[in-house]
Amino acid sequence: MATATATATATNSLGSYAAAVGEGSLSSVLSTENRDFLISPSGDKVYVKDIEDNTIGLYFGANWYSPCENFTPVLASVYHQLRDKGSKFEVVFVSSDEDQASFDRFYSKMPWPAIPFSDIQSKRSLTQRFQIEGIPSLIILDSSRRLVRSDGVELVYRYGWRAFPFTAERIAELEAEEKAKHASQTLENLLLVDGRDYVMSHEGQQVCITTSDKLCFPLLGSDMKLNKARELQVPVSSLVGKTVGLYFSADWCPPCAKFTSRLISIYNNLREKNEEFEIVFVSMDRDEAGYSRCYTGMPWLSLPYDAEFSKALSRYFDVQGIPTLVIIGPDGKTVTREGRNLINLHLEMAFPFTDDQVRMLQVKMDEEAKSFPALFNHVGHRHVLKLVSENSGGGPYICCECEEQGLRWAYQCLGCGYEVHLKCVRQVEGDAAAKGQVPAHDSFCAIDSSRGV
């Protein structure tokens, strides 16, 4: 989770923009001598003077880059919510698309005005003026055209509409609220909602569903048939004192399917060792049918399908993409949001995911790395790879073989930007015939957590 320090850093970084941005009318930012209007999705003119008194979000993006495709519906959701609340907020799209057809396809998904695609000079000038180095980027300007924030994308993902008007004071308030919530966090206040004090199980045993243990749902209904609606409820109180992984995943996300398979193996191994570990599935599916398909193959517990509650939980943990595994300790406090990466690196040895355990595993990795050759002629790449440590360029990175995050040690081709885990280069060496090419990696699916409270 980002901290107040991060806010201070982001706010201080605005100083580098100040001279270039300055103050003045919105027309001085968005208009030219020959154009005093923007275009709407319907093709109508939107005159710049008509949005002068709004907080403005300049959205720099492009059709050809998937993070922009992912962020656009999230921003659109926030945009509609703020408009419904009567907030004076407007977004202006500044396209980096390669041609008019690509612009038209991408812009058709947006509800706000845009700089005309044909006005290349204005788009270039805005990109230079606000020092845009990557997309998606959301630059926030107040009604006086002062630059408020340059990290609008992160704030929209993290806080949704509640970030408005994006001032340092507002973000400080939200961060203080977060800090207070996390300080008093327990597993029960995370998972209990509106009288529901249980999670779901595949196992079908008879269980109590209240924390007072006074009421149990029977396995049989009045017709003496299994009561499936009741037999699957497990009290949240039964998880207190265990290490619990909150697994944010969805049926529509290919990287989730891949990680779920690995997580099942780790989960079963830890259960066989009688470790106090449980996983609760938090569905980011778009409907209950998707949730059912996704949960069918999982051996662990699940929250009942509730899209709004799942989004609220994902905002609380600042989950910007899936799969994500958040680890909650026996005391109910967050241990790490990096459960997925730790499992990919260390498998079941990552348990219980604490800082002490991670430090011990890092020392172990350093010792094991000493047995690897300094150079390796990897079958999956045309150049010789060099063994590098974290201090000499070894992380973090995405492994070009298994498509998962790596850290600390890697085999690297600096010229090509090619990196693989030490364990993956060994595997490929013994399975050369099966490896024909390096796969394109798509190991992360962005989510829209902006709706809800």
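Derivation of every value follows stated rules applied to the coordinates shown; laboratory data play no part. Keep in mind it's a predicted model, so treat the numbers as computed, not measured. Virtual Cβ from ideal backbone geometry, glycine too; neighbours counted across all protein chains shown.
Could I have the simple spin-label model distance between GLN362 and THR32, label points 7 Å from Cα toward Cβ, reported in nm to one decimal?
Placing both labels 7 Å beyond Cα along the Cβ direction yields 5.1 nm.
Estimate the FRET efficiency between GLU133 and LEU375 by the formula 1/(1 + (r/R0)^6), using the beta-carbon distance for r and 25 Å for R0, to the nearest 0.05.
After rounding, the FRET efficiency stands at 0.15.
Please go through the residue pairs LYS49/LYS88; LYS181/LYS311; LYS370/LYS423; LYS242/LYS423 and name each one whose alpha carbons sit more than 19 Å apart in this structure.
LYS242/LYS423
Using mean Cβ contacts within 10 Å as the protection proxy, how do 252-258, 53-59 order, highest first?
Put in order of decreasing packing, that is 53-59, 252-258.
Mind giving me the FRET efficiency for SER261 and LYS49? R0 is 60 Å, r the Cβ-Cβ distance, nearest 0.05 is fine.
Efficiency computed from Cβ-Cβ geometry: 0.60.
Identify the residues of segment 316-332 with backbone N under 16 Å of a label point that sits 7 angstrom from the Cα of GLU188 along the Cα-to-Cβ direction, or state none.
It comes to 330-332, nothing else.
What length, rounded to one decimal in nm, is gained on full extension from SER118 through to LYS181, with 0.36 nm per residue of separation minus their alpha-carbon distance?
Stretched out fully, the SER118 to LYS181 stretch lengthens by 17.9 nm.
Give, in nm to one decimal, the length gained when the segment between ARG83 and ARG105 is fully stretched (0.36 nm per residue of separation minus the Cα-Cα distance).
Result for the pair: 5.5 nm of gain on full extension.
With viscosity set to 1.567 mPa s at 4 °C, what whole-number translational diffusion coefficient in µm²/s follows for segment 4-180 from Stokes-Einstein and a Kirkwood radius over Cα pairs?
Here the translational diffusion coefficient equals 79 µm²/s.
Counting other beta carbons within 10 Å of each residue's own, what order do PHE281, PHE117, PHE372 fall into, fewest first?
Ordered from fewest to most neighbouring Cβ atoms within 10 Å, PHE281, PHE117, PHE372 come out as PHE372, PHE117, PHE281.
Taking other Cβ within 10 Å of each residue's Cβ, how do GLU401, GLU133 sort, fewest first?
Ranked by crowding around the Cβ, least crowded first: GLU133, GLU401.
By counting other Cβ atoms within 10 Å of each Cβ, how are ARG105, ARG145 ranked from fewest to most?
The fewest-first ordering by Cβ neighbours comes to ARG105, ARG145.
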